[in-house]
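First comes the structure, then the notes that go with it.
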Amino acid sequence: MFETALTIFSILLQTLGLVAAATGLYKTFKDSSAPGDRFFSSVLPNQVEVARQVWTAFDRLLRRLLRRPRPAVTHDLGTALSVEFAGSASGLVQFGRLPDLVQDAEAFRVEIENRMNRVFKLAQDVQHDLGQEAKVRGQEDQRLGEDLQARIANIDQESKRATIRGLREQVFGLFCVALGLVVQSALDLAF
């Protein structure tokens, strides 16, 4: 009777341990994987590829031993499409007609001076606006960088907590399996 109770207790501990370890592994996977990933989706394709490579090697070896030719391999032709675009933009500042240099040299000089002053003012305004925009963009880049760093730190902490939660369940499960094996071994030695 006592032997049966210990055997049942050992089996229950081992079963509880395996379930807890499997639950911990699954939770660790879910907490650290991308949404929509399946548990065995990354394992099975690798195993299928290994099996395919073993089968191919076996097939080659068998063909060499039986001195049969390799099967013909055909390849599809691929197509490629390339699209390129290049563009440019430019601005143009226009003024009215200049006074005739021969008839009124002073008016011509004054108009040239006015136009140069207007172009210089336009250039200064553009330079000032570009400086202000660069300053604003720099501040925005810095703010976005700090925000991104804070988000990365938060996600990193959440990921660590989630992984540790799954690892704790795995350790508990392995402990239960080990305890069940100890009880089973003690039972085997005693009876």
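Please treat every number below as a calculation from the coordinates, not as lab data. This is a predicted model, so every value here is computed, not measured. Please note: Cβ atoms are built from the backbone with ideal geometry, for glycine as well, and neighbour counts cover all protein chains shown.
As an exercise, identify the trypsin sites (Lys or Arg not before Pro) in the range 88-191 lying in DSSP coil whose Cβ has no more than 13 other Cβ atoms within 10 Å. Show your work: numbers first, answer last.
Working: sites: Arg97, Arg109, Arg115, Arg118, Lys121, Lys135, Arg137, Arg143, Arg151, Lys160, Arg161, Arg165, Arg168; in loops: Arg97.
Sparse-neighbourhood loop trypsin sites (Lys or Arg not before Pro): Arg97.
Please compute the length gained on full extension between Ala51 and Leu181, using 0.36 nm multiplied by the number of residues separating them and subtracting their Cα-Cα distance. Mind showing how you got there, number by number?
Values: separation 130, 0.36 × 130 = 46.80 nm, distance 3.40 nm.
My answer for the length gained is 43.4 nm.
In units of 2.2 N^0.38 Å, what is the alpha-carbon radius of gyration of the range 115-191? Provide the component values of the computation, followed by the final result.
Working: Rg = 32.9 Å, N = 77, 2.2 N^0.38 = 11.5 Å.
Computed over Cα atoms of the range 115-191, the ratio equals 2.87.
How high is the FRET efficiency between Gln139 and Val119 when r is their beta carbon distance and R₀ equals 30 Å, given to the nearest 0.05? Before the final figure, lay out each step's value.
Details: r = 31 Å, r/R0 = 1.02.
In this case the efficiency is close to 0.45.
Rounding to the nearest 20 debye, state how big the charge dipole of the range 90-164 is about its Cα centre with +1 on each Lys and Arg Cβ and -1 on each Asp and Glu Cβ.
Values: 11 positive and 14 negative charges, 57 e Å.
Approximately 280 debye in magnitude.
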Task: Selected from Val171, Val110, Ala153, residue furthest toward positive end of dipole (the range 106-191; charges at beta carbon) - done: Val171
TODO: Among the aspartates and glutamates, select those whose C-alpha is under 19 Å from the C-alpha of Lys121, and discard any that sit fewer than 8 residues away in the same chain.
DONE: Glu111, Glu113, Asp129, Glu133
